[in-house]
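Just below is one structure, and these are the notes that go with it.
All of the numbers you see were taken from the coordinates with simple rules; none came from a lab. From a predicted model like this one, the values you see are computed outputs, not experimental measurements. Positions of Cβ are generated from backbone atoms using ideal geometry, with glycine treated the same way; all protein chains shown enter the neighbour counts.
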């Protein structure tokens, strides 16, 4: 929640209603070709994929976890992208199955409720703040003034 856009109601901050929550499923793409950064050549991607898939569920239509061959962030394994048809795309690297999985579950929950999936910085777990590789605006983004699409 952005405190600048919140109203004080008694002693509680009340978040204004979100009008542009991402439509369609949130798609979590996990690189299954990521190798350990220690030079051992051990492939860590499949373990990350299985952990994320187990944590986010396998049957929920609102979230789709899928394996991808490469996200081209080979120096920062394991890598995961979170996106939706009309939302931001977030790309995270340096994730571990133990700490990254719980952080991704929380992030996806916030993503589904945020305008265009733009999860506020303070709602992101520390591991995701440090692991941020890119944040790409939605495809429908206005090229004229950079503001969110209407």
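Protection proxy ranking for 33-42, 100-109, 130-139, using the average of other Cβ atoms within 10 Å per residue and placing the highest first: 100-109, 130-139, 33-42.
Taking the DSSP beta bridges with both ends in region 24-136, the antiparallel portion is around 65 percent.
Sort region 24-92 into rounded, prolate or oblate with this rule: let a ≥ b ≥ c be the square roots of the eigenvalues of the Cα gyration tensor; rounded if a/c is under 1.5, and if a/c is not under 1.5, prolate when a/b is larger than b/c, oblate otherwise.
Working: a/c = 3.20, a/b = 1.66, b/c = 1.92.
Oblate, because a/c is 1.5 or more while a/b does not exceed b/c.
Label separation (residue 123 vs residue 64): 2.3 nm, computed from points 7 Å beyond Cα along the C-beta direction.
Taking other C-beta atoms within 10 Å as the exposure proxy, 49, 92 rank 49, 92 from fewest upward.
Using the Cβ-Cβ distance between residue 47 and residue 21 with R0 set to 25 Å, the FRET efficiency works out to roughly 0.20.
Residue order for 88, 111, fewest other beta carbons within 10 angstrom first, comes to 88, 111.
Fully extending the segment from residue 109 to residue 134, taken as 0.36 nm per residue of separation minus the present Cα-Cα distance, adds 7.1 nm. Going by a ≥ b ≥ c, the root eigenvalues of the Cα gyration tensor, does region 64-150 fall in the rounded group (a/c under 1.5), the prolate group (a/b larger than b/c) or the oblate group? Prolate. Relative to the current alpha-carbon distance between residue 38 and residue 99, full extension at 0.36 nm per residue lengthens the span by 20.2 nm.
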